[in-house]
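Student: Mind looking over this structure? Questions follow.
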Amino acid sequence: MCTNQFQADVPDVATNNTIRVSFQGEAVTLSVYYEALCPDSMWFVKYQLYPTWLLLTGQYLAIDFVPYGKATVSELSLGPS
């Protein structure tokens with residue numbers, strides 16, 4: 001098992017402050033469920049997620065984007081016809 005140690009100052013564009021991030025442990029996989037054309041989703045990815053990903057990518061952070069929104073999810077029975 002590989003553990004990583006990381007520390008960085010991350011800009012928080014929503015408040016114009018800097019957040020100190022300390023990380024020790026295994027890499028994290030983040031699943032982001034988003035609506036592709038939603039302005040709030042685009043803002044989050046551009047100003048919050050992308051700068052963080054630049055700092056933590058590779059051995060620290062993997063992002064799994066899942067387009068999801070304005071959709072209906074249902075379970076189907078695939079029994080005999």
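Student: Say we look at the stretch 68-81 and pick out the residues that are farther than 18 Å from residue 30 by Cα and among the hydroxyl-bearing types (Ser, Thr, Tyr); which of these is modelled with the lowest pLDDT?
Tutor: So, considering only residues that are farther than 18 Å from residue 30 by Cα and among the hydroxyl-bearing types (Ser, Thr, Tyr), the one modelled with the lowest pLDDT is 81.
Student: I'd like the full set of residues that are surrounded by 14 or more Cβ atoms within 10 Å (Cβ to Cβ) and either over 15 Å from residue 69 (Cα atoms) or basic (Lys, Arg) (or both), limited to the stretch 13-43.
Tutor: 21, 23, 27
Student: What is the residue count in the stretch 37-67 for residues that are at pLDDT below 80 and more than 22 Å from residue 18 (Cα to Cα)?
Tutor: Counting residues in the stretch 37-67 that are at pLDDT below 80 and more than 22 Å from residue 18 (Cα to Cα) gives 2.
The values are calculated or read from the model by the stated rules, or taken from the named source; none is laboratory data. From a predicted model like this one, the values you see are computed outputs, not experimental measurements. Here Cβ is always computed from backbone atoms with ideal geometry, including for glycine, and neighbour counts include all displayed protein chains.
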